[in-house]
Amino acid sequence: MRKSRGFEGELIIEIPKVATSHCEQLPLISHLFISRMGYYPKALHHYYQRPNGISQAILLYCTDGQGWIELNGNVTQVHAGEVFILPVDMPHSYGADLQNPWSIYWLHLNGTHCGAAATTVMERDSEAFRAIQVGFSDERNALFTHIASTLLKGYSASNLLQANLALPHYLSSFIAPEHFGSHQPSVSGASPTEKAIRYMQANLSNSLSLDNIARSVNLSVSFFSRKFKKDTGYAPIEYFNYLRIQKACQLLHFNTWRINEVASAIGIDDPFYFSRLFKQQMGLSPAHYRKNKGIERQ
């Protein structure tokens, strides 16, 4: 990968190994689920090369500017309003145009049917190798935001199901774009658990205690702990640690901070504890993750 230090407004979500393994065990989504996703606006110098491909399909949806994709020695241009899905295990490279860099939404698709999903989307066009024009849709972008915001809340079974069950609907916006309008999904009132998660997200740079979190939603520690575990499948501090490591992935991806600075930014003063926690969740050390930008996991 070659890119600038970051793109203003960028987003990247790395799904921990334990969560992707959980997806493989959930019958409703084991056939198709997300392992990485993100958004890069005006991504000057964005570039990836994978000489051996990866065991996942990669969706690239360009909403502004332009870029290019090379697959099996063939190069195609990708323009605003076009989508392309790179097939599984096929060598490829892609990057932003230097004069008019693309803004892209992207997903890595995993599961037993990820190859079939890629083929279904790309077979809308008779050409074997070209990006497909799908236009623009507020509803499509709202679906992406819904999936991302759900995963950013953590990796409980309900969150994994909610996000990944929305994935086929998102893919259908490329298969039948004429059916997609411009409405936004409604937002319901927040439960104590949802409020607690928002509190955690707002305090990722702090070292929160169970008591801090319970008091933020005006519940006793014992009642809150039972309710949170029932709603999410995780103890509150365990859940908070998942959110912290997700933030650490973004910092490692987009910044040049030292490992101890990343640890400090998520409220962990001990870099050795941070490294152990990171490896436990992501399957590799922070230094190894930074070196490979998460690619080795794929």
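Readers should treat all values here as calculations from the given coordinates under stated rules, not as data from a laboratory. Quick caveat: nothing in here was measured; it's all calculated off a predicted structure. Cβ placement follows ideal geometry from the backbone for every residue including glycine, while neighbour counts extend to all protein chains displayed.
Table for the structure above
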| item | result |
| --- | --- |
| Karplus-derived HN-Hα couplings along region 194-201 (A = 6.51, B = -1.76, C = 1.60, θ = phi - 60°), whole Hz, x at Gly and Pro | 5, 5, 5, 5, 5, 4, 4, 4 |
| 3J(HN,Hα) from dihedral phi, region 253-267, Karplus parametrisation 6.51/-1.76/1.60, rounded to Hz, x for glycine, proline | 6, 10, 10, 10, 4, 5, 4, 5, 6, 5, 4, 4, 5, 10, x |
| Theoretical FRET efficiency, 1/(1+(r/R0)^6), r = Cβ-Cβ of Asn206 and Asn74, R0 35 Å, to 0.05 | 0.10 |
| Which labelled figure in [x] 33, 22, 17; [y] 26, 23, 20; [z] 71, 19, 14 is semi-axes √(5λ) of the Cα gyration tensor in Å, once derived from the coordinates | [x] |
| Inter-site label distance for Asp89 and Tyr273 at 7 Å from Cα along Cβ, in nm | 4.4 |
| Computed E for Asn218/Ala142 - FRET, C-beta separation, R0 22 angstrom, nearest 0.05 | 0.10 |
| Unit charges on C-beta of K, R, D, E only; dipole of the chain, Debye | 1060 |
| Debye log10 I(q)/I(0) for region 11-179, one point scatterer per Cα, at q = 0.12 Å⁻¹ | -0.50 |
| Top of Lys230, Lys17, Lys42 by mean-square fluctuation, Gaussian network on the chain, Cα under 10 Å | Lys230 |
| 17 Å Cα-Cα reach of Lys195 towards lysines, excluding residues that sit fewer than 8 places from it in its own chain | Lys153, Lys227, Lys229, Lys230 |
| Likely footprinting exposure, Trp106, Trp257, fewest C-beta neighbours within 10 Å first | Trp257, Trp106 |
| Alpha-carbon centroid distance for the pair region 53-96 / region 251-286, whole angstrom | 31 |
| Computed E for Gln49/Ala287 - FRET, C-beta separation, R0 22 angstrom, nearest 0.05 | 0.50 |
| ³J(HN,Hα), Karplus 6.51/-1.76/1.60, whole Hz, each residue of region 220-234, x for Gly, Pro | 5, 4, 5, 5, 4, 4, 5, 5, 4, 5, 5, 6, 10, x, 10 |
| Sequence of Phe180, Phe272, Phe136 once ranked by neighbouring C-beta atoms within 10 Å, starting from the fewest | Phe272, Phe136, Phe180 |
| Cβ charges +1 (Lys, Arg) and -1 (Asp, Glu), total dipole of region 11-179, debye | 420 |
| Mean Cα-pair separation over length for region 210-298, i.e. relative contact order, pairs under 8 Å, 6 or more apart, % | 18 |
| Separation of the Ser264 and Gln99 label points, Cα + 7 Å toward Cβ, nm | 4.5 |
| On Cα atoms only, tilt of 138-152 relative to the major axis of the chain in degrees | 40 |
| Percent RCO, i.e. relative contact order, over the chain, from Cα pairs under 8 Å lying at least 6 residues apart | 18 |
| Residues in region 129-159 that a label on Ala235 would reach, taking backbone N under 19 Å of a point 7 Å out along Cα→Cβ | 154-157 |
| MRE, 222 nm, helices only [DSSP H, n ≥ 4, -39500 (n - 2.57), over the chain, to nearest 500] | -12500 deg cm²/dmol |
| Sequence of Val18, Val217 once ranked by neighbouring C-beta atoms within 10 Å, starting from the fewest | Val18, Val217 |
| Distant-in-sequence amide H partners of Asp64 (H built 1.01 Å from N, under 5 Å) | Gly81, Ser103 |
